[in-house]
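The values are calculated or read from the model by the stated rules, or taken from the named source; none is laboratory data. Being a predicted model, the structure only gives us computed values, none of them experimental. Please note: Cβ atoms are built from the backbone with ideal geometry, for glycine as well, and neighbour counts cover all protein chains shown. For the accessible areas, the whole protein counts, side chains as well, though only heavy atoms, and no ligand, DNA or RNA atoms are used. Shrake-Rupley method; radii C 1.70, N 1.55, O 1.52, S 1.80 Å.
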Amino acid sequence: MKRTLAEIANLINGKLCGDYDENLVITGATGIALAGPSEITFAVDPHLEEAIACNAAAVIIQEDVDGFSKTCIKVKNPREAFNILLNIFKPELKVEKVISSKAHIGKNVKIGENVAIMDFAYIDDNAIIGDNVEIYPNVYIGQYASVDENTILHSGVSVREYCKVGKNVIIHDNTVIGADGFGFITKDGKHTKVPQVGNVVIEDDVEIGCNAGIDRATTGSTVIGKGTKIDNLVHIGHNCVLGENCLVVAQTGLAGSTIVGHNVTFAGQVGSKGHIKVGSNSVMAARTGLIADVPENSFYAGFPARPHQEWLRIKANESRLPDMMKKLKLMEKRLKALEEKNN
């Protein structure tokens, strides 16, 4: 894919500035350090000086930046503009929309139009596959499961029985949707399994990374809301409900029946106990440990989780603890000496 500078400026609704040739052909978009003379990059503070010295043909920058001594395209949001170009210049994968003779298609399976089902995929009885779905090798679709249109399931994904995957969903390699929830009754030291008879519902426009596990509900549904994005190595326990447009970063684990509002961010390695609620528009910093409900519009950190500013004050004072302990012991000795003197 190739575009001229003028075409790129038009595509991202930007203004060309500096000493430029609007007919210069651009062959790719990449980072500042890697960009060559036929490629384009972007820069925001504090990387503007680095971008001026780079080899890129042009740099996408914020429209209010002055004195940038290199060919540039000024836009409102450089990151957003660069994202458009990444989609234009990304390598195109060719996926043949056929059903492989080496795939297993069970009884009463319904398959839509323009579907790709690759070698050794296993579509079990009574499953439903929508239009334009791409199913890579070694994917398993369980009985009565459904996968809606324009969804992509990469190699090794399992969508277990009765689970539902919405439209425009991407699920990356080796993720499991709908394994049994972790439910046991313990009596006299013996653990007896509680049947997990619910399912998982993945709503539209969700993306889930590699090696994630989203457990089926004990009864009812575990739900991942529309537009939510889940990173690699994440565990979502049974009967959890995540709202729309949440971000769940790697190694986060949410225990069963955690209820999450819309637009919530869980940074890396966040953990929660079960049966709590996290309010909408909240952010949990990395390694936050949630043991109680979180109000809406909160920014929490630490274990146990607490408001971020409070956690920062505690962390700032931790380094002073040894000196404080010395002073406290000295005060105790002086107080004891005064008491003995008075006695």
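Looking at 328, 335, 312, just one residue is in a helix (DSSP H, G or I), without any contact (Cβ under 8 Å) to a residue 24 or more places away in the chain and surrounded by 12 or more Cβ atoms within 10 Å (Cβ to Cβ), and that residue is 312. Elements of the type strands (runs of 3 or more DSSP E) sitting completely within the range 157-260 and holding at least 3 residues that are buried (at least 22 other Cβ atoms within 10 Å of the Cβ) and out of contact with any helix residue (DSSP H, G or I) (no Cβ under 8 Å at 6 or more places or on another chain): these cover 199-202, 221-224.
Checked against the criterion of being small (Gly, Ala, Ser) and touching a Pro at 6+ places or on another chain (Cβ under 7 Å), the candidates 302, 274, 289, 253 yield just one match: 289. The C-beta contact set for the range 237-248 (first residue without any contact (Cβ under 8 Å) to a residue 40 or more places away in the chain and small (Gly, Ala, Ser), second residue part of a loop (DSSP other than H, G, I, E, B) and open to solvent by 40 Å² or more (accessible area, probe 1.4 Å), distance under 8 angstrom, 6+ apart or interchain) comprises 243/262; 243/263.
Do the conditions hold for residue 143, that is, is it open to solvent by 20 Å² or more (accessible area, probe 1.4 Å), within 24 Å of residue 224 (Cα to Cα) and not charged (D, E, K, R)?
Yes: the conditions hold for residue 143.
For beta carbons closer than 7 Å, sequence separation of 6+ or different chains, a first residue in the range 257-269 that is over 13 Å from residue 288 (Cβ atoms) and a second that is among the aliphatic types (A, V, I, L, M) and open to solvent by 40 Å² or more (accessible area, probe 1.4 Å), the qualifying pairs are 259/241; 260/241. When you scan the range 107-129, how many residues do you find that are closer than 22 Å to residue 198 by Cβ and of a type outside the set (A, V, I, L, M, F, W, C)? Total meeting the criteria: 3. Going through (1) open to solvent by 10 Å² or more (accessible area, probe 1.4 Å); (2) under 14 Å from the mean Cα position of the chain (by Cα) one by one, residue 292 falls short only on (2).
Exactly one residue among 276, 291, 314, 259 is at negative phi and at pLDDT below 90, and that residue is 314. Put simply, of 136, 122 the only residue that is touching a residue at least 12 places away in the same chain (Cβ under 8 Å) and surrounded by 19 or more Cβ atoms within 10 Å (Cβ to Cβ) is 136. For residue 283, the conditions (1) over 21 Å from residue 226 (Cα atoms); (2) in contact with a helix residue (DSSP H, G or I) (Cβ under 9 Å, 6 or more places away or on another chain) are fulfilled apart from (1). Sort out which residues of the range 92-134 are in contact with a strand residue (DSSP E or B) (Cβ under 6 Å, 6 or more places away or on another chain) and at pLDDT below 95, and write them in order of number. Scanning the range 92-134 gives a single hit, 95.
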